[in-house]
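Novice: Sharing a structure with you now.
The values are calculated or read from the model by the stated rules, or taken from the named source; none is laboratory data. Since this is a predicted model, take the numbers as computed values, not measurements. With ideal geometry, Cβ positions are generated from the backbone for all residues, glycine too; neighbour counts draw on all protein chains shown. Just so you know, the surface numbers come from the protein's heavy atoms only, side chains and all, with ligands and any DNA or RNA stripped out. Shrake-Rupley method; radii C 1.70, N 1.55, O 1.52, S 1.80 Å.
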Amino acid sequence: MRRTEPDAPTKAGTGKAGGTGKKGRVAKAGRSDRTSGGGRTSRTARAAGAERRPLPLPLRILAMLLAFAVMVAFAVVLARLTLDPSPASVSIAHTNLHPGRSLKIYLDQPALRDAVKQIGGNIVLGIPFGIIVPVLVPRARGFFGVLLLTAFVMLMVETAQGALVEGRAFDVDDVILNTSGALIGWVLLGRRLGRAVHARKPKKAKA
């Protein structure tokens with residue numbers, strides 16, 4: 001008697017059924033991973049949004065008032081240092097419109113202390129500006145904002161100093177050094193204060 005072989009379509013059907021089951025489990029796992037990944041992404045976005053929230057309004061006002069008071073004090077010091085007449089310096093005060101010329105003179109001085117005093121003093125003079133500006137002027141709290149605003153203010157100070165004050169002269173190298181000091185102050189502290197006081201609100205996610 002002949003043995004009856006199982007029908008081939010039956011085996012194939014069983015194999016397909018098993019394959020379909022595996023594919024279904026893989027697809028479900030993929031969907032689960034995507035769902036969990038989306039949940040982690042949304043939680044991360046919410047956390048980042050919470051970190052970018054600005055300070056409460058009363059604290060922002062207080063910080064800006066303190067920054068304004070410091071700016072006034074700084075302006076008084078700056079005026080006394082740069083706009084105070086110096087009749088004894090009339091013969092040696094010369095206008096400098098060439099960047100680097102005065103720096104070379106400072107560095108060529110015999111005493112290193114004098115060079116440090118001239119260069120370092122101008123740099124230190126600009127540091128408070130880079131710290132205060134990001135708090136007082138939110139739109140100028142970035143690198144280029146601080147750079148442009150500081151350069152403009154120091155340019156005006158040097159112009160007034162050279163045109164109106166006896167024994168003083170306009171020096172473009174002083175503007176460069178003051179602005180460099182402001183950028184140092186911004187890097188060290190100003191940008192952190194600016195972000196803390198005027199942090200951007202998180203953008204709403206598009207539907």
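Novice: Just to verify a result, which residue in the range 159-176, among those that are in contact with an Asp or Glu (Cβ under 9 Å, 6 or more places away or on another chain) and at pLDDT 90 or above, is nearest to Phe129 (Cα to Cα)?
Specialist: Filtering the range 159-176 for residues that are in contact with an Asp or Glu (Cβ under 9 Å, 6 or more places away or on another chain) and at pLDDT 90 or above, the one nearest to Phe129 (Cα to Cα) comes out as Val175.
Novice: Here's something else I'd like to know. Considering only the range 154-172, state which residues are assigned to a helix (DSSP H, G or I), within 34 Å of the chain's Cα centre (by Cα) and not acidic (Asp, Glu).
Specialist: Met154, Leu155, Met156, Val157, Thr159, Ala160, Gln161, Gly162, Val172, listed by residue number.
Novice: Look at Arg141 and say whether it is at pLDDT below 90, crowded, with 16+ Cβ neighbours inside 10 Å and touching an Asp or Glu at 6+ places or on another chain (Cβ under 9 Å).
Specialist: The answer is no for Arg141.
Novice: Being aliphatic (A, V, I, L, M) and assigned to a helix (DSSP H, G or I) narrows it down to one of Ala93, Ala151, so name that one.
Specialist: That would be Ala151, the only listed residue that is aliphatic (A, V, I, L, M) and assigned to a helix (DSSP H, G or I).
Novice: If Pro85 passes every condition in (1) at pLDDT below 85; (2) closer than 23 Å to Ala163 by Cα; (3) open to solvent by 70 Å² or more (accessible area, probe 1.4 Å); (4) not in a loop (DSSP other than H, G, I, E, B) but one, which one does it miss?
Specialist: With (1) at pLDDT below 85; (2) closer than 23 Å to Ala163 by Cα; (3) open to solvent by 70 Å² or more (accessible area, probe 1.4 Å); (4) not in a loop (DSSP other than H, G, I, E, B) applied to Pro85, the lone miss is (4).
Novice: Sticking with this structure for a sec: Given the structure, is Gln161 buried (at least 20 other Cβ atoms within 10 Å of the Cβ) and farther than 24 Å from Ala63 by Cα? Let's see the steps before the verdict.
Specialist: Details: buried (at least 20 other Cβ atoms within 10 Å of the Cβ): yes; farther than 24 Å from Ala63 by Cα: yes.
So Gln161 passes the test.
Novice: Of Ile184, Ile131, which residue is open to solvent by 20 Å² or more (accessible area, probe 1.4 Å) and within 29 Å of His94 (Cα to Cα)?
Specialist: Working: Ile131 fails: within 29 Å of His94 (Cα to Cα).
Among Ile184, Ile131, only Ile184 is open to solvent by 20 Å² or more (accessible area, probe 1.4 Å) and within 29 Å of His94 (Cα to Cα).
Novice: So which pairs qualify, if the first residue must be in the range 91-114 and in contact (Cβ under 8 Å) with a residue 24 or more places away in the chain, the second must be among the hydrophobic types (A, V, I, L, M, F, W, C) and not in a helix (DSSP H, G or I), the Cβ gap must be under 9 Å, and the two must be at least 6 apart or on different chains?
Specialist: Short answer, once both residue conditions are applied: Ala93/Ala169; His94/Ala169; Thr95/Ala169; Thr95/Phe170; Asn96/Ala169; Asn96/Phe170; Leu97/Phe170.
Novice: So is Gly190 modelled with pLDDT of 90 or more and open to solvent by less than 30 Å² (accessible area, probe 1.4 Å) or not? Spell out how you get there, then give the answer.
Specialist: Working: modelled with pLDDT of 90 or more: yes; open to solvent by less than 30 Å² (accessible area, probe 1.4 Å): yes.
So Gly190 passes the test.
Novice: Any idea which of Val72, Val124 is assigned to a helix (DSSP H, G or I), modelled with pLDDT of 90 or more and open to solvent by 50 Å² or more (accessible area, probe 1.4 Å)?
Specialist: Val124
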